[in-house]
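Engineer: Here you go, one structure.
The values are calculated or read from the model by the stated rules, or taken from the named source; none is laboratory data. In this text the structure is predicted, and so the values were computed from the model without any measurement. Using ideal geometry, Cβ is built from the backbone for each residue, glycine included, and neighbour counts are taken over all protein chains shown.
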Amino acid sequence: MSAEKATAPTERGQLSHKEIMFVLSGLMMGMLLAALDQTIVSTALKKIVEDFNGLSHYTWVVTAYLLTSTASTPLYGKISDLYGRRPVFQFAIVTFLIGSFAAGAATSMNQLIAFRAIQGLGAGGLMALTFVIIGDIVSPRERGKYQGYFGGVWGLSSVAGPLLGGFFSDHHHIFGVAGWRWIFYINLPFGLAALVITTASLHIPKVVKKHKIDYLGALLMVLAVSALLLGISVYGPENGWTATKTLTAFGVAFVLTLAFLFQESRAAEPILPLRLFKNHTFSTTSILGFIIGAGMFGAIVMLPLYLQLVKGNSATTSGLKLIPFMLGIVFMSITSGKLISKHGHYKRFPIMGLTLMTIGILAMSTLNETTPFWRLSIFAILIGAGLGLSMQTIVIALQNSVDFKDMGVATSSNTFFRSVGSTIGVAIFGSIYASRLAHYLPVAIQKTAAADPTAVTPDVVKSLGHLQNNSAIIKTFKPVLQQNILHAFVQSFHVVFLAAAPVTAIGLIFALILKEAPLRSSAEHHAAKTEAAGEAVA
């Protein structure tokens, strides 16, 4: 049977379960690559910096990827609405593979940063279009049982990223190649497999549309997002939130955003149609996506940090100890998806999810130096379960509420808001942690000096400056100083989690006001698709 026939829609316009799972395998593989590369590099940065002697530019290895992947996300949705899903998705895969190969072969820090930007450009399409394509081929009523698998991909990447990053960076050479380079080369076979599977299976009819691309709007959006992310993820943490560079970046982002909104209000074919914000579900799920992104990445960043600094675990071990978090996401993503498909109700799940997330984050504020792993696991499962109940559900609600012609731009916009939320969440929670640690560490040193002056020598004070990068130094200190420093870490984490809980609580309010509409059946979904195609041709 040919690939075309194997994936031809049934009379109802819907693929069979087996055919959908074949398409999903390619989509999930592409999404896994993009999600992994958000976390896998962080644990290997130290080794990369040592090889390239590039300490002054190390944050850009992460930031370059973040900038291009986030800024390009909404553009992919709109372009796929105009030109079709498969060619745009495959362009994203090829771009990601080129960036991955080049990053693995980089010979300098500047090259690596540039190639990471190319990699991010492809990743933006992989993350955005995965949900758009599944929205094309499966009706909202049936989509839940499939979208749960994507929650599993996010959960897997949250554990596998730090784990693989630590594994590759711990090995000087693998098959004669520097260990950290395999962080990028490992993408190649999986990316090629995703390319082959989507070529064989993804045959969504292409609708030719009359259009005029809003190039100015696209440029303004990319520049505005880039300025915002530079201020949040680079200038703010490095120079301070009131520094001239930071405030300038925010000011430029604000002005460019106003210019973008003005351009979108007058463009014939806007990149992000402002009329979408009049849709209650689109606006509400955009806010929820932002909050969920902040909560998800806040947990992913802070949990390994606690395990490494307070518990003394290695990067690889702390990655393994995120498995309960992953299990919570996977189990609840699949369970909630199947229940949505069975009963057709979705509003209850983000309500339960954000409640569990808030409880889990508040519970994290009780962690201390002696907290057993089983208790931490329960807290991690709660946060993961909350994410699993919420993250995919709001996408189903969104896709059910918008016209088929806006499926791409609406879905990718939700992914965009979640990405921006994760960036802001990591930056803000990281700054809170750093500022509290700067307050509690001197108190810990003073307390130690009062109890045992011999424990705080000039050499010890000097080595404290390297504490964040090498927590193993703590073991060289006297027990009284070790105890007080660990307590300073714990106090800092307490403040972070107490600051994060109100954020998810606000998300709960928006989940409560989310309007629930009947989910479209397969027949209604096919009719909407046919109607949109007819309007486009007309």
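Engineer: For LEU376, indicate whether it is over 19 Å from GLY135 (Cα atoms), in contact with a Leu (Cβ under 7 Å, 6 or more places away or on another chain) and modelled with pLDDT under 85. I'd like the intermediate steps shown before the answer.
Structural biologist: Working: over 19 Å from GLY135 (Cα atoms): yes; in contact with a Leu (Cβ under 7 Å, 6 or more places away or on another chain): yes; modelled with pLDDT under 85: no.
Taking the combined requirement at face value, the residue does not satisfy it.
Engineer: Residues ILE183, ILE232: which one is in the same structural domain as ASN313 (by TED's automatic domain parsing) and of a type in the set (A, V, I, L, M, F, W, C)? Lay out the reasoning, then the answer.
Structural biologist: On the way: ILE232 fails: in the same structural domain as ASN313 (by TED's automatic domain parsing).
The unique qualifying residue is ILE183.
Engineer: Can you list the helices (runs of 4 or more DSSP H) found entirely within region 290-377 that contain at least 3 residues being at negative phi and either outside the structural domain of ARG143 (by TED's automatic domain parsing) or of a type in the set (Val, Ile, Thr) (or both)? So that I can check it myself, show each step before the final result.
Structural biologist: On the way: elements: 315-320, 323-343, 348-364.
Passing ranges, in order: 323-343, 348-364.
Engineer: Return the only residue of PHE150, PHE115 being closer than 26 Å to LEU75 by Cβ, within 13 Å of the chain's Cα centre (by Cα) and assigned by TED's automatic domain parsing to the domain that holds GLY191.
Structural biologist: On the way: PHE115 fails: within 13 Å of the chain's Cα centre (by Cα).
Result of the check over PHE150, PHE115: PHE150.
Engineer: Now for a separate question. I'd like to verify a number: residues in region 221-268 that are in contact (Cβ under 8 Å) with a residue 24 or more places away in the chain and under 20 Å from SER435 (Cβ atoms), how many?
Structural biologist: Keep residues of region 221-268 that are in contact (Cβ under 8 Å) with a residue 24 or more places away in the chain, which gives 221-230, 232-234, 236-238, 241, 252-253, 256-257, 259-260, 263-264, 267-268.
Subsequent filtering for residues that are under 20 Å from SER435 (Cβ atoms) retains 232-234, 236-238, 241.
Matching residues across region 221-268 total 7.
Engineer: Just to be sure, is ALA268 modelled with pLDDT under 90 and surrounded by 14 or more Cβ atoms within 10 Å (Cβ to Cβ)?
Structural biologist: Working: modelled with pLDDT under 90: yes; surrounded by 14 or more Cβ atoms within 10 Å (Cβ to Cβ): no.
Judged against the criteria, ALA268 is not a match.
Engineer: Here are VAL255, VAL310, VAL222, VAL234: which of them is within 30 Å of PHE325 (Cα to Cα) and modelled with pLDDT of 80 or more?
Structural biologist: On the way: VAL255 fails: within 30 Å of PHE325 (Cα to Cα); VAL222 fails: within 30 Å of PHE325 (Cα to Cα); VAL234 fails: modelled with pLDDT of 80 or more.
Unique residue meeting the criteria: VAL310.
Engineer: Taking region 82-96 as the region of interest, how many residues are buried (at least 21 other Cβ atoms within 10 Å of the Cβ) and in contact with a Ser or Thr (Cβ under 7 Å, 6 or more places away or on another chain)? Even if it seems obvious, please write down each step before you answer.
Structural biologist: Residues of region 82-96 buried (at least 21 other Cβ atoms within 10 Å of the Cβ): 85, 88-89, 92-93, 95-96.
Filter again for in contact with a Ser or Thr (Cβ under 7 Å, 6 or more places away or on another chain), leaving 88-89.
Of the residues in region 82-96, 2 are buried (at least 21 other Cβ atoms within 10 Å of the Cβ) and in contact with a Ser or Thr (Cβ under 7 Å, 6 or more places away or on another chain).
Engineer: Pick from region 415-439 the residues that are free of Cβ contacts under 8 Å to residues at least 60 places away in the same chain and surrounded by fewer than 20 Cβ atoms within 10 Å (Cβ to Cβ): which of them is nearest to the chain's Cα centre (by Cα)?
Structural biologist: This residue is SER435.
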